[in-house]
Amino acid sequence: MHFLVAARPSLPDIGRVTDSTLQGASVLVVEDEPLLRKQVAAALEQHDADVTAVGTLDEARRMIQSLPFDFALLDVNLPDGLGTDLLSENVFSPNTAVVVCTANAALIPNVSPYCMTAIIVCARSRKRRESFVD
């Protein structure tokens, strides 16, 4: 799994999210794989985050219109488009920190224009590489 952080300049400390940061925070999880969506939501809820989990872009757009979010986790490949479409549509509040997730490393070059920081984690090797995207 690869994570790319699409933080805005107003959110420079996205890499320093702690348990207390998540406590009471509203988090949107956009992931089409039901089991992974439930696992991510459960993990965030253990840190007292208020989680809204959806599986499509259409559902995500509706939630973003009706609720404010502190954080969003976006899968790239979704049944009705790319999670990064939400970034290009500029639908998030300037105060929402967005993490883009993909299992497909080939998609990273397409995602990085939206990202200030790329935190790339390969689940198989457990290696972490962090780079800053200009």
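The values are calculated or read from the model by the stated rules, or taken from the named source; none is laboratory data. Being a predicted model, the structure only gives us computed values, none of them experimental. Cβ coordinates were reconstructed from backbone atoms using ideal geometry, including for glycine residues, and neighbour counts include every protein chain displayed. What goes into the accessible areas is simple: the full protein's heavy atoms, side chains included, and nothing from ligands, DNA or RNA. Shrake-Rupley method; radii C 1.70, N 1.55, O 1.52, S 1.80 Å.
Could you say whether any residue in segment 41-57 is assigned to a helix (DSSP H, G or I), at pLDDT 90 or above and under 17 Å from PHE92 (Cβ atoms)? Scanning segment 41-57 turns up at least one residue that is assigned to a helix (DSSP H, G or I), at pLDDT 90 or above and under 17 Å from PHE92 (Cβ atoms).
Note down all Cβ pairs under 7 Å where the first residue falls in segment 36-47 and is over 17 Å from ASN77 (Cα atoms) and open to solvent by 50 Å² or more (accessible area, probe 1.4 Å), the second is of a type in the set (A, V, I, L, M) and part of a helix (DSSP H, G or I), and they're at least six residues apart or on different chains. Listed pairs, sorted by first residue: HIS47/LEU22.
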